[in-house]
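> Please read through the structure below; I'll follow up with questions.
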Amino acid sequence: MELSKNFTPAAAEGKWYQHWMDKGYFRSKPDNRPPFTIVIPPPNVTGVLHMGHTLNETVQDILVRRARMSGYNTCWVPGSDHASIATEAKVVNMLKTEKGIEKSQLTREEFLKYAFEWKDKYGGIIYNQIKKLGCSCDWDRVTFTMDDHYYQAVIKVFVDLYGKGLIYRGARMINWDPKAKTALSDEEVQYKDINGKLYHVQYAITDSENNLTGESITIATQRPETIMGDTAICVNPDDDRYKHLAGHFAIVPLVNRRVPIIFDTYVDKEFGTGALKVTPAHDINDYNLGLKHNLEVVDTLNDDGTLSPAAGVFIGEDRFKARKKVIAALDEQGILVKEQEYTTRLGYSERNPDTVVEPRISTQWFVKMAELAKPALDAVVDGNVKIHPGDRFLATYKYWMENVKDWCISRQLWWGQQIPAFYAPDGTFEVAQNVDTAIAQFKAKGATYTAADLRQDEDCLDTWFSSWLWPMEVFNGISQPDNEEINYYYPTNVLVTGQDIIFFWVARMIMAGQEYRNEKPFSDVYFTGMVRDKQGRKMSKQLGNSPDLLELIDKYGADAVRYGIMISSPAGNDLLFDDAALELGSKFSNKIWNALKLVKMWEANTAGDANAAVDHFAVRWFESRLNEVKVQLAEEFADFKLNEALKTVRSLIWDDFCSWYLEWVKPGFEQPCDAGIYAKTVYFFEELMQLLHPFMPFVTEEVYQLLKERAAGDDLIIRQYSAPGTIDANMLAEGELAKEVITSIRDSRNKHQIKPKEEIVLHIDTLQEAAFKQIEGMLSKQVNAKAINYTKEPVAGCITLVVQKDKFYLGTETVVNTTAQKEELEKDLAYLQGFLVSVEKKLSNEKFVQNAKPEAVEIERNKKKDAEAKIAAITESLKSL
């Protein structure tokens, strides 16, 4: 068949993905092979995949494809997360803009119907993108965190932890998202440094009998809109400025509430005015002071961030608009002393990045984390779960786990698992799997109720409370704890995820796994970096700097997208995404395609026995080089250095195979190709496509199938890796010498303007004549030498060059410019002399010699010997000029 000019990704991608699907290569059932299991970090059903997902999914597919070709029963479970806050916000917005419906007009059941319709629409889009990228997921196992079995598993765990005393309900200071109108966990708050203002405000002082004393006390606040919730003024008991105010009161501006002046060492005498307004409803530290001093709590904010009736003024105004009005009113009354520029940190909602989080006292459900955290901490510290790269994230993980706070798990939303707490009319409640069980539990305590009497808690559970069960419940490990699949596939092998959810998800999955399987959920955690644009900005929809994945695939091909994002991405490090990397991936595909076309040209014109032993230098060299890379790749994959592994394979294919091997074995003009060499070349090509396949599956499968006729079922995706063969170190060294000699002679020809067609006579002064005799034919062809001679004396009238310890003399009809030659050799000599000085300096350093590894010292000594030999060779060559 006639091959196209370039590789056409679109033609290969759909064809091969469907073929793999039809053959069932992605499906997995328990068998006698060792399992290799990965569960996908479930993307949210709120839209389309971004470049972070692209990196994540590509890494997983690389690991899965390599494991499949290494004899493992691979199982990659796909799925998606219901994402309570984000999805509910999207659905609410869709209902309002497209249908003119407010959430408040719907029942819970009606709203959930719309939410599931949203999930079906956008979940399908996400799965299609994952397929287009070439991901070999087991699509029979798609799991959603609101599937019936998954829903019941989450409820089961809630009931169990409540029964163990690890879940409780209580009023606590929590983080509140006024836009989503829900509580958040501490990990869902993102802090930003901003420029704000401190407002200095005077409070009038009264004595114990409520008489104005004529004095005032000045406080400094960043949030004047909370003044109406003040219930005390606090000063340090050691602050001489305020000791006389013991037993006195202050009048809260605008609302004229009398509040006590209290004393506590919590207040820093040196900060601001040394006096602190205490607003227990709106600050965690104030809340703790309030508990200590038994202060009243006045909540001046509604759940949407507007001022509540308790504020007394500006009721219904947005908190930030109210701030401006409060400042104006204070100024009008003459009690706004000054405004001061101030840098502070503000918490923003992780799900609504433009929304400032409000500290708020609220009755919520919490998980006690300390007891759950201990086994999960030990699992990582002891190395049972390995983190990659561990040097960067282990300390962070350890710090968080040792200082973990209780987890607020209730959300004031409908999209999610509804909290299984059932309330009686008198306010008592029972936590139960369902209402019938709750009725039975009430009855056991002497209270008789019907289902109609009971009200289920309106709140739903935090999304992460469902996704922390993901590695187990995708195999029904919670709902059916001892089934065949959970026992076979769990623990999974590798979790690939972003470093930003190490606490949201990774730590909690380890906790859940230890609690419910008494086993880690995965053996290794591979953290990908953050994908940023060329300016270093995080890619986001808000900035409009995140490209559309499908458009990139249409333009460059899936292989090029995978190549581009992986070649830029060392483990754990952020990567700057640039289309130029995808362009390189496309060029790499075409390089392979052109190599295929070259090899196919030889196919029709071969001579000799294809099964004859091949003793060609290039074949022997490349076989050793291939085996060397196989060993290197095994080490790089074991260390999760996937970026380096891709570079290793690319260099082997582009440099060693395409640029050198094919040139060395290429038959002469109109000459047949040796059948034995051709057979070996096809074999090498197959092996290379197999090594590259995990990274670039489509072009490799296409090339593999075109190399020769295949039997049914002979597909690259399931071709098993062979063990590395013998690595001949001498042959590898000779190959490197040959490459260096050929490159140097070619460069010298160019510098001296020797035309490509002009033949030279090559004279070699070497101590390794036998090695050069092995490659004479190849060397002659590569440098266009009509004869190769060996000499121990300088050859007059020739171009002289030194490669390693050998001297070469190029005889040519072109007139040799000895002055230019001399300048070039003197330049090389000066460099080597400087290099030798630096090496000798290092070896004369006693600390280096004593403390460095012996092999490092030996490397430096070999550098010294090589430099001395080259200097001697160049010096002798200069004498001959």
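> Which one of these is within 24 Å of Met94 (Cβ to Cβ), of a type outside the set (A, V, I, L, M, F, W, C), modelled with pLDDT of 95 or more and in a helix (DSSP H, G or I): Tyr151, Tyr127?
Exactly one residue qualifies, and that residue is Tyr151.
> I would also like to ask the following. Among the residues in the range 538-552, are any in a strand (DSSP E or B) and not assigned by TED's automatic domain parsing to the domain that holds Gln671?
Yes: the range 538-552 contains one or more residues that are in a strand (DSSP E or B) and not assigned by TED's automatic domain parsing to the domain that holds Gln671.
> Conditions first: (1) among the hydrophobic types (A, V, I, L, M, F, W, C); (2) assigned to a loop (DSSP other than H, G, I, E, B); (3) surrounded by fewer than 20 Cβ atoms within 10 Å (Cβ to Cβ). Ala180 passes all but one, so which condition is the exception?
It is condition (3) that Ala180 fails.
> Does the range 220-252 hold any residues that are under 22 Å from Asp283 (Cα atoms) and either over 46 Å from the mean Cα position of the chain (by Cα) or outside the structural domain of Ile284 (by TED's automatic domain parsing) (or both), and which are they?
Thr231, Ala232, Ile233, Cys234, Val235, Asn236, Pro237, Phe249, Ala250, Ile251, Val252
> Out of the range 117-133, which residues are free of Cβ contacts under 8 Å to residues at least 12 places away in the same chain and not acidic (Asp, Glu)?
Lys121, Gly124, Asn128
> Same structure again: So Tyr203 fits all but one of (1) out of contact with any Asp or Glu (no Cβ under 7 Å at 6 or more places or on another chain); (2) more than 23 Å from Glu88 (Cβ to Cβ); (3) outside the structural domain of Asp286 (by TED's automatic domain parsing); what number is the exception?
Of everything listed in (1) out of contact with any Asp or Glu (no Cβ under 7 Å at 6 or more places or on another chain); (2) more than 23 Å from Glu88 (Cβ to Cβ); (3) outside the structural domain of Asp286 (by TED's automatic domain parsing), Tyr203 misses just condition (3).
> Follow-up. Could you tell me which numbered condition Asp828 fails, if it satisfies all but one of (1) closer than 24 Å to Glu758 by Cα; (2) in contact with a strand residue (DSSP E or B) (Cβ under 8 Å, 6 or more places away or on another chain); (3) at pLDDT 80 or above?
It fails just one condition, (1).
> Run down Ala595, Ala613, Ala618 and say which single residue is over 17 Å from Cys658 (Cβ atoms) and either in a loop (DSSP other than H, G, I, E, B) or over 32 Å from the mean Cα position of the chain (by Cα) (or both).
After ruling out the rest, the residue left standing is Ala613.
> With the checklist (1) within 30 Å of Glu88 (Cβ to Cβ); (2) among the hydroxyl-bearing types (Ser, Thr, Tyr); (3) at pLDDT 95 or above in hand, flag the one item Thr46 doesn't pass.
Only one criterion is unmet by Thr46, namely (3).
> Give the number of residues within the range 365-391 that are at pLDDT below 95, among the charged types (D, E, K, R) and assigned to a loop (DSSP other than H, G, I, E, B).
Count: 1.
> Okay, moving on. Within the range 74-122, how many residues turn out to be under 20 Å from Thr145 (Cα atoms) and in contact with a Ser or Thr (Cβ under 8 Å, 6 or more places away or on another chain)?
Number of matching residues: 18.
> Between Val682, Val629, which is under 35 Å from the mean Cα position of the chain (by Cα), at pLDDT 95 or above and among the β-branched types (Val, Ile, Thr)?
Only one candidate passes the filter, namely Val629.
> Going by what's in this entry, would Leu372 be described as under 30 Å from Tyr399 (Cβ atoms), buried (at least 16 other Cβ atoms within 10 Å of the Cβ), outside the structural domain of Val278 (by TED's automatic domain parsing) and without any contact (Cβ under 8 Å) to a residue 60 or more places away in the chain?
Answer is no for this residue.
> If you don't mind, there's one more thing I want to ask. Kindly indicate the residue of the range 268-323 that is in contact (Cβ under 8 Å) with a residue 40 or more places away in the chain and among the charged types (D, E, K, R) and also surrounded by the most Cβ atoms within 10 Å (Cβ to Cβ) among those meeting that condition.
The selected residue is Lys277.
> Could you tell me whether any residue of the range 11-29 is buried (at least 22 other Cβ atoms within 10 Å of the Cβ) and in a helix (DSSP H, G or I)?
Taking every residue of the range 11-29 in turn, at least one turns out to be buried (at least 22 other Cβ atoms within 10 Å of the Cβ) and in a helix (DSSP H, G or I).
> Shifting gears a bit: Check Asp500 against each of (1) closer than 26 Å to Ile38 by Cα; (2) in contact (Cβ under 8 Å) with a residue 40 or more places away in the chain and name the one condition it does not meet.
It fails just one condition, (2).
> Return the pairs, sorted by first residue and then second, in which the second residue is surrounded by fewer than 15 Cβ atoms within 10 Å (Cβ to Cβ), the first residue lies in the range 767-781 and is of a type outside the set (Phe, Trp, Tyr), the beta carbons are less than 7 Å apart, and the residues are 6+ apart or on different chains.
Glu769/Tyr790
> Please state which one of Val91, Val64 is part of a helix (DSSP H, G or I), touching a helix residue (DSSP H, G or I) at 6+ places or on another chain (Cβ under 6 Å) and hydrophobic (A, V, I, L, M, F, W, C).
Val91
> On to the next question. Looking at Pro570 and the list (1) buried (at least 17 other Cβ atoms within 10 Å of the Cβ); (2) closer than 23 Å to Phe637 by Cα; (3) not aromatic (Phe, Trp, Tyr), which single condition is not satisfied?
If we test Pro570 against (1) buried (at least 17 other Cβ atoms within 10 Å of the Cβ); (2) closer than 23 Å to Phe637 by Cα; (3) not aromatic (Phe, Trp, Tyr), just (1) comes out false.
> Now for a separate question. Inspect all residues belonging to the range 791-811 and state whether any of them is assigned to a helix (DSSP H, G or I), surrounded by 18 or more Cβ atoms within 10 Å (Cβ to Cβ) and outside the structural domain of Glu663 (by TED's automatic domain parsing).
No, the conditions are met nowhere in the range 791-811.
> Applying the selection to the range 610-619, what residues are in contact with a helix residue (DSSP H, G or I) (Cβ under 6 Å, 6 or more places away or on another chain) and either surrounded by fewer than 18 Cβ atoms within 10 Å (Cβ to Cβ) or under 17 Å from Ser70 (Cα atoms) (or both)?
Of everything in the range 610-619, those that are in contact with a helix residue (DSSP H, G or I) (Cβ under 6 Å, 6 or more places away or on another chain) and either surrounded by fewer than 18 Cβ atoms within 10 Å (Cβ to Cβ) or under 17 Å from Ser70 (Cα atoms) (or both) turn out to be Ala610, Ala612.
> Right, another one. From Val506, Val525, grab the single residue that is out of contact with any helix residue (DSSP H, G or I) (no Cβ under 7 Å at 6 or more places or on another chain), of a type in the set (A, V, I, L, M, F, W, C) and crowded, with 24+ Cβ neighbours inside 10 Å.
Val506 is the lone residue from the list that is out of contact with any helix residue (DSSP H, G or I) (no Cβ under 7 Å at 6 or more places or on another chain), of a type in the set (A, V, I, L, M, F, W, C) and crowded, with 24+ Cβ neighbours inside 10 Å.
> While we're looking at this one, here's another question. Within the range 420-428, can one find any residue that is in a loop (DSSP other than H, G, I, E, B), closer than 18 Å to Gln152 by Cα and under 31 Å from the mean Cα position of the chain (by Cα)?
No, the range 420-428 contains no residue that is in a loop (DSSP other than H, G, I, E, B), closer than 18 Å to Gln152 by Cα and under 31 Å from the mean Cα position of the chain (by Cα).
> To continue, here is another question. Where residues in the range 451-494 are polar (S, T, N, Q) and assigned to a helix (DSSP H, G or I), which of them is farthest from Arg517 (Cα to Cα)?
Step by step, filter the range 451-494, then rank; the result is Thr463.
> A further question follows. Only one of these conditions is not met by Leu469: (1) exposed (fewer than 14 other Cβ atoms within 10 Å of the Cβ); (2) under 43 Å from the mean Cα position of the chain (by Cα). Which number is it?
Of (1) exposed (fewer than 14 other Cβ atoms within 10 Å of the Cβ); (2) under 43 Å from the mean Cα position of the chain (by Cα), only one is false for Leu469: (1).
The values are calculated or read from the model by the stated rules, or taken from the named source; none is laboratory data. Worth saying up front: this structure is predicted, and the values here are computed from it rather than measured. Every residue, glycine among them, receives a Cβ derived from its backbone with ideal geometry; neighbour counts consider all protein chains shown.
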